[in-house]
């Protein structure tokens, strides 16, 4: 009986670990504010990206302001490959990245090591 109980607990623990690290987490999209013909949104970098999903309008220039609070070396850089951006994020500072979201679509952004990611959704 002890072996069966131990096996069940081990399987539950393994399932939890797989879910925790590999399960898809849905994040609500946050829409950028628009003033004077430019979209603006602030993204906090602290153990990942918040908000994780950013919504922009196609054809309107956008400013993504990354505020890095996490000292982790992985989060020192942000990559937006679809927009040709690789930018260093100094700790404790806000870094503005300007992009031109021309076409609707979903565009991924990641940390320099591609361990943490977010998404720009252009509508």
TODO: Can you tell me the 0 to 90 degree angle between the C-alpha axis of helix 2-22 and the longest principal axis of the chain, rounded to 10?
DONE: 10 degrees
Open item on the list: Which one, 75, 64, 11, has the greatest fluctuation when you compute a Gaussian network model over the chain with C-alpha springs under 10 angstrom?
Closed with: 11
Open item on the list: For a quick check, take a GNM of the chain with Cα springs below 10 Å and name the residue from 17, 41, 97 with the largest mean-square fluctuation.
Closed with: 17
Open item on the list: What FRET efficiency comes out for residue 96 versus residue 5 if R0 is 41 angstrom and r is the Cβ-Cβ distance? Round to the nearest 0.05.
Closed with: 0.15
Open item on the list: Just want the ordering: 68, 63, from fewest to most Cβ atoms lying within 10 Å of their own Cβ.
Closed with: 63, 68
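Determine the equivalent ellipsoid of the chain by diagonalising the alpha-carbon gyration tensor, then write out the semi-axes as square roots of 5 times the eigenvalues, largest first, rounded to whole Å. Could you put the intermediate results ahead of the total?
Details: eigenvalues 255, 57, 26 Å².
Listed largest to smallest, the semi-axes of the chain are 36, 17, 11 Å.
With an 8 Å cut-off on Cα pairs and a minimum separation of 6 or more residues, tell me the relative contact order of the chain in percent. Let's see the in-between values first.
Numbers: 242 pairs, mean separation 28.4, N = 123.
Reported relative contact order: 23 percent.
Between residue 30 and residue 67, 0.36 nm times their residue separation minus their Cα-Cα distance comes to what?
Working: separation 37, 0.36 × 37 = 13.32 nm, distance 1.60 nm.
In short, 11.7 nm is gained.
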- [ ] Would you calculate, for the chain, the mean residue ellipticity at 222 nm contributed by helices, counting each DSSP H stretch of 4 or more residues as -39,500 (n - 2.57) and dividing by all residues, to the nearest 500?
- [x] -6000 deg cm²/dmol
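Throughout, read-outs are computed from the coordinates displayed, never taken from laboratory work. Computed from a predicted model, the values in this text were never measured in an experiment. Positions of Cβ are backbone-derived with ideal geometry, glycine not excepted, and every protein chain shown enters the neighbour counts.
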